[in-house]
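Read-outs throughout are calculated quantities, based only on the coordinates presented, and are distinct from any laboratory measurement. Just so it is clear, the model here is predicted, and its values are computed rather than measured. When we count neighbours, we look across all protein chains shown, and the Cβ atoms used for this are built from the backbone with ideal geometry, even at glycine.
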Amino acid sequence: MRYSRLFGKTTKTAPADETAKNAQLLLKAGFIYKEMAGVYAYLPLGLRVTEKIKQIIREEMNAVGGQEIIMTTLQRKELWEKTDRWSDEAVDIWFKAQLKNGSEVGLAWSHEEPITDMVKNYVGSYRDLPFCVYQFQNKLRNETRAKSGIMRTREFVMKDLYSYARNNEEHQVIYDAMTQAYLRIFDRVGLGEQTYFTFASGGAFTQFSHEFQTVTPAGEDTIYLYRAKRLAVNKEVLNDEVLAQLDLKREELEEVAASEVGNIFNFGTTKSEQLGLMFTDEDGKTKPVVLGSYGIGIGRLMGVIVEHYADERGIVWPKSVAPALVHIVSLKAKDEAMAERIEQIASSLHDELENLGIETIWDERDASAGEKFADADLIGIPLRLVVSEKTLKEDSVEWKLRSSTESRFVKLDDVLEEIEVYVSE
């Protein structure tokens, strides 16, 4: 990828009403475009990051038996009426629309009802269970106040997985496996050490739930940590009963700000009973199916990564989710022959890396070194290679990690091998 051809360039300003650091940096760096409050488009660099995050999640969901599908955004009113979640009093974030025939539909904020109704067509016997299905799909939520940049929006992509089991014991096995899969996901995207399994309220979903909360000053939740057990309790459910259940003491807990990056819910048999999802067990008895629901907001996770790693110069992407791994910066030279050699070396390096499957951006613009370095810092790609008159005099490139202030020269003959080692680490 040549930077001059990239759709979406850096800018020095962000919308005046955008106060969240994640949105300011992503807008300035050309990753997202703000359509309106709480609604963002993802440009090529931003899409690359979200696809990396999705692939990590996909791999972990597949590893625990998830099968990927895609549901519809338009949803039938009568399904949600059966579970008492259609009214605005029960769920206050609905977007609703009227079809030309006068009937009313909902725009998906979640999918427990539609997917459970669909599953009725494929489950009859205990032999059809258990299974898990998941999707990456746009959710629309009519938030009273969208805030925190891409961490709380009115439109976003969510990974939502739904598990169906024959009994509570079977469900718990799936639930525990999903918990561990989520912890692996957050570790792989670079947030593992700061993310805690958290006891929380179920909100519009169920009475209680578990969240995965990442400690960050930008978080809008308050949680209480017990670091030794890697557990936390959300402030909204902190009481003596919960502390006793978790065998915790209030004085042992540390109050911190955090952002929810994932949640899991146990619906039990309630949804199945409401919607008529039954199966016949080995004894010929009819029983309701046990439902679990597991969500991760892709944009929210991306925003938390930005908040966690960014420094005073811009974004700092972990290798696992970076839009590219290498950012080549070629600098101008007054001597025409040297300028041609710089371009030839940079172009060759770019092509060789791409041929090796190592995603690379080459900033070949006719711009100053200061402008190029500032843009590279803002965009935040993990490894920057500078090709200039100074480096080529030593048959080298300058090697600098975005997470470090140090740099060093690497010989041209060695640079590809060193990059391959760096990528594989």
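Within the chain, what's the longest stretch lacking chymotrypsin sites (Phe, Trp or Tyr not before Pro) that sit in DSSP loops with no more than 10 other Cβ atoms inside 10 Å?
On the way: sites that count: 7, 122.
My reading of the result: 123-425 is the longest stretch.
Could I get the Rg over Rh figure for the chain? Both from C-alpha atoms, Rh via Kirkwood, rounded to two places. Mind showing how you got there, number by number?
Working: Rg = 24.8 Å, Rh = 23.8 Å.
Ratio of gyration radius to Kirkwood radius: 1.04.
Distance between Cα centroids, segment 80-156 to segment 211-258: provide it in whole Å.
Between the Cα centres of segment 80-156 and segment 211-258 lies a distance of 29 Å.
Taking the number of other C-beta atoms within 10 Å as the exposure measure, put 378, 385 in order starting with the fewest.
Starting with the residue having the fewest Cβ neighbours, the order is 378, 385.
Between 297, 192, 284, find the one with the highest GNM mean-square fluctuation for the chain; connect C-alpha pairs within less than 10 Å.
In the Gaussian network model the winner is 284.
Residue 279's amide H: which non-local residues (gap 5+, or another chain) put their own amide H closer than 5 Å, with H modeled 1.01 Å from N in plane and none for Pro or chain starts?
Counting only residues 5 or more places away or on other chains, the set is 287, 289.
Loop-only GluC sites (Glu not before Pro) in segment 283-339, please: DSSP not H, G, I, E or B, and at most 16 other Cβ atoms within 10 Å. Intermediate values should be presented prior to the final figure.
Working: sites: 307, 312, 336; in loops: 312.
Here the GluC sites (Glu not before Pro) that fit, given the DSSP loop and packing criteria, are 312.
Per the helix-only calculation at 222 nm, which mean residue ellipticity applies to the chain, given -39500 (n - 2.57) for every DSSP H run of n ≥ 4 and division by its residues, nearest 500 deg cm²/dmol?
Here the helix-only value at 222 nm equals -10000 deg cm²/dmol.
In the chain, which whole DSSP H runs stretch at least 20 Å along their own axis (Cα) and average -1.0 or higher on the Kyte-Doolittle scale?
Numbers: long enough: 44-63 (28 Å, -0.40); 168-188 (30 Å, -0.70); 336-355 (28 Å, -0.67).
Those that clear 20 Å and a mean of -1.0 are 44-63, 168-188, 336-355.
Can you flag which of 319/372; 12/96; 120/229; 12/393 are past 28 Å Cα-Cα?
12/96; 120/229; 12/393
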